[in-house]
Amino acid sequence: MTTPVDEEPRAAIGEPLVVLDGVNKWFGDLHVLQDINLTVTRGEVVVVIGPSGSGKSTLCRAINRLETIGNGTISIDGEPLPEEGKALARLRADVGMVFQAFNLFAHKTILENVTLGPIKVRKQKKADAEKRARELLERVGVAHQADKYPAQLSGGQQQRVAIARALAMEPKVMLFDEPTSALDPEMIKEVLDVMVDLAKGGMTMIVVTHEMGFARTAGDRVVFMSDGQIVEENTPEEFFTNPQSDRAKDFLGKIL
Ligand code: ADP
Ligand code: MG
């Protein structure tokens, strides 16, 4: 199946894909993002880690323009994120997002959940969208659930559907904001396995998670945030075994 997205020229692997340059954001007096500079290259998996309240979700939401920023710029594949309108809808469709809460449409079947965006936003034909959706549901291991409703699935299955739904839009980058933290322990692995597969397949990913196993297996880089700042960046191995800053040492001391 060919979509208009596939016809766009693909830049080389290793080029900057998501670039945040001097990004600041305030919630009233709270300086929630403080001069954030971050470049994620094509095919890279960046794991964002840090204490609760440090601005990780706000960072994800800013990249997807679910939040506006105070100053600085965010660009996706060389295009600055516009404020609103059609251009924003198009760029936002390039960013797949998976949240802690699965956020599936409760009154739509699993198949409809996955085909809705491609039909409405990507203007795909229903038959094409359904074919692609079934392939994606197969890939995340829930093909047999296609005609069920979200409430009939386990949390782990719903989260895998959420991943398939995001992938159906053919995003250039996938953002995950604590995708396993609302799951029962036995379901965490089945979701992480799908994410590891995706990473190995070359997807560019920004993943907020405290799952060190995932960071070590799939992460190229760990970005440690605290109090709205990027305090430290390193390879997962170095970060977990040899954190540099007191804030990172303190945080790791609490979660390890
Ligand atoms: P994290 O995801 O790292 O836990 P968040 O990005 O959710 O952190 O929040 C960072 C800070 O911003 C927290 O102090 C939080 O209370 C505050 N915050 C988040 N969203 C809002 C909002 N819409 N209005 C005001 N403050 C907010
Ligand atoms: Mg958060």
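Selection of the range 57-93 for residues being closer than 17 Å to Leu175 by Cβ, modelled with pLDDT of 90 or more and away from ligand 1 (no atom under 16 Å from the Cβ) yields Ser75, Ile76, Asp77. Residues that are over 13 Å from the mean Cα position of the chain (by Cα), open to solvent by less than 50 Å² (accessible area, probe 1.4 Å), free of Cβ contacts under 8 Å to residues at least 24 places away in the same chain and away from ligand 2 (no atom under 14 Å from the Cβ) occur in the range 73-81; there is at least one. Taken together, the residues in the range 171-187 that are in a loop (DSSP other than H, G, I, E, B), out of contact with any strand residue (DSSP E or B) (no Cβ under 9 Å at 6 or more places or on another chain) and more than 16 Å from ligand 1 (Cβ to nearest atom) amount to 2. Among the residues making up the range 202-223, those that are open to solvent by less than 40 Å² (accessible area, probe 1.4 Å) and aliphatic (A, V, I, L, M) are Met203, Met205, Ile206, Val207, Val208, Ala215, Ala218, Val222, Val223.
Within the range 131-170, the set of residues being of a type outside the set (D, E, K, R), open to solvent by 40 Å² or more (accessible area, probe 1.4 Å), part of a helix (DSSP H, G or I) and touching a residue at least 40 places away in the same chain (Cβ under 8 Å) comprises Ala151 only. Figure legend. Inter-residue proximity from the range 18-36: first residues within 22 Å of Pro80 (Cβ to Cβ), second residues among the charged types (D, E, K, R) and open to solvent by 60 Å² or more (accessible area, probe 1.4 Å), beta-carbon distance below 8 Å, spacing 6+ or different chains. Indicated pairs: Gly22/Asp35; Val23/Asp35; Asn24/Asp35; Gln34/Asp227. Taken over the range 39-72, the criterion of being open to solvent by 20 Å² or more (accessible area, probe 1.4 Å), more than 12 Å from ligand 2 (Cβ to nearest atom) and outside any loop (DSSP other than H, G, I, E, B) is satisfied by Thr39, Thr41, Asn71, Gly72.
Answer with yes or no whether Ile119 is away from ligand 2 (no atom under 16 Å from the Cβ) and crowded, with 20+ Cβ neighbours inside 10 Å. Break it down stepwise before answering.
Values: away from ligand 2 (no atom under 16 Å from the Cβ): yes; crowded, with 20+ Cβ neighbours inside 10 Å: no.
Judged against the criteria, Ile119 is not a match.
Taking the criterion of being part of a loop (DSSP other than H, G, I, E, B) and within 13 Å of the chain's Cα centre (by Cα), the residues of the range 188-212 that qualify are Met203, Thr209. Among the residues in the range 224-237, are any over 17 Å from the mean Cα position of the chain (by Cα), in a helix (DSSP H, G or I) and buried (at least 16 other Cβ atoms within 10 Å of the Cβ)? For the range 224-237, residues over 17 Å from the mean Cα position of the chain (by Cα), in a helix (DSSP H, G or I) and buried (at least 16 other Cβ atoms within 10 Å of the Cβ): present. Quick check on the range 28-37. Is at least one of its residues in contact with a strand residue (DSSP E or B) (Cβ under 9 Å, 6 or more places away or on another chain) and of a type in the set (Gly, Ala, Ser)? The answer is no; no qualifying residue exists.
The values are calculated or read from the model by the stated rules, or taken from the named source; none is laboratory data. These figures come from a predicted structure and were not determined experimentally. No Cβ is skipped: glycine too gets one built from the backbone with ideal geometry, and neighbour counts run over all protein chains shown. These accessible areas exclude ligands, DNA and RNA; they are computed on the full protein's heavy atoms, side chains included. Shrake-Rupley method; radii C 1.70, N 1.55, O 1.52, S 1.80 Å.
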